[in-house]
Amino acid sequence: MATAFHHFMETMKNVILLHCIIQPESSGGESEVTDGLSVCDRLKEMDEDCYKTLSSVPVRWIDRGHDGGYNFHNVYVSPVICEDSCGNVKRINFSEHHRDSKFPVSIDRVHIWYDAIEKFVKIAYNEKIISTFKMKPGDILTFDNHRVLHGRKGYQGSRLLIGGYLDWDLIKSRTRVLQSQLSNTNIN
Ligand SMILES: [Fe+2]
């Protein structure tokens, strides 16, 4: 279960689109999505100290690889839960395979952080929050990548999803243009 870091770190795109091209016919490959904002709310309700830990302890996220003929090596340091100046959750960073083995905090805070993330993940997989379904070839799944965590179940055989990203700025701009065209009035 993760938010999609991929090549974006500081500028992680808001909206992700996942286009299912190939899906194994046997069981497996089901998508799992869970509302990270609900996870944060429940964690805060259950154990405010854990919430504070995840919204304050910096974690080092790392993404290295090769794509489209170039090498990349992104590093981003940020807590799992990022709040705005009013204390509202504005972005969730979570991807176990992008978490660096270097943890830039003192050892006493490391143990506290692991306890907190265990609770966070348990809530994320709570059957009342998580949604599990199998995409069919041709389906496109889209969601707010700053808010929703996603993952998949194991599978055998071939599976291919192609991802794309959009900014809210672009989506909202396009929505206004279309509204304006359809209503034939100017919308600011
Ligand atoms: Fe992903």
Which shape class applies to the stretch 1-70: rounded if a/c is under 1.5, otherwise prolate when a/b exceeds b/c and oblate if not, where a ≥ b ≥ c are the square roots of the Cα gyration tensor eigenvalues?
oblate
May I ask you to list the trypsin sites (Lys or Arg not before Pro) in the stretch 9-105 that are in a DSSP loop and have at most 12 other Cβ atoms within 10 Å of their Cβ?
Lys102
Quick one: longest stretch of the chain between exposed loop GluC sites (Glu not before Pro), exposed meaning at most 13 other C-beta atoms within 10 Å and loop per DSSP?
26-126
Net charge near Asp144 (other residues with Cβ under 12 Å of its Cβ; Lys, Arg +1; Asp, Glu -1) is +2
Using 0.36 nm per residue of separation minus the Cα-Cα distance, give me the extension gain between His73 and Ser183 in nm, one decimal.
34.9 nm
What span do the alpha-carbon atoms of the stretch 113-163 cover on each of the three principal axes, reported in whole Å from largest to smallest?
39, 26, 21
How much space per residue, in cubic angstrom, does the convex hull of the C-alpha atoms of the chain take up?
170
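Only the coordinates and a few stated rules stand behind these numbers; no lab work does. All values reported here derive from a predicted model rather than from experimental measurement. Quick reminder, even Gly has a Cβ in these numbers, built from the backbone with ideal geometry, and neighbours come from all protein chains shown.
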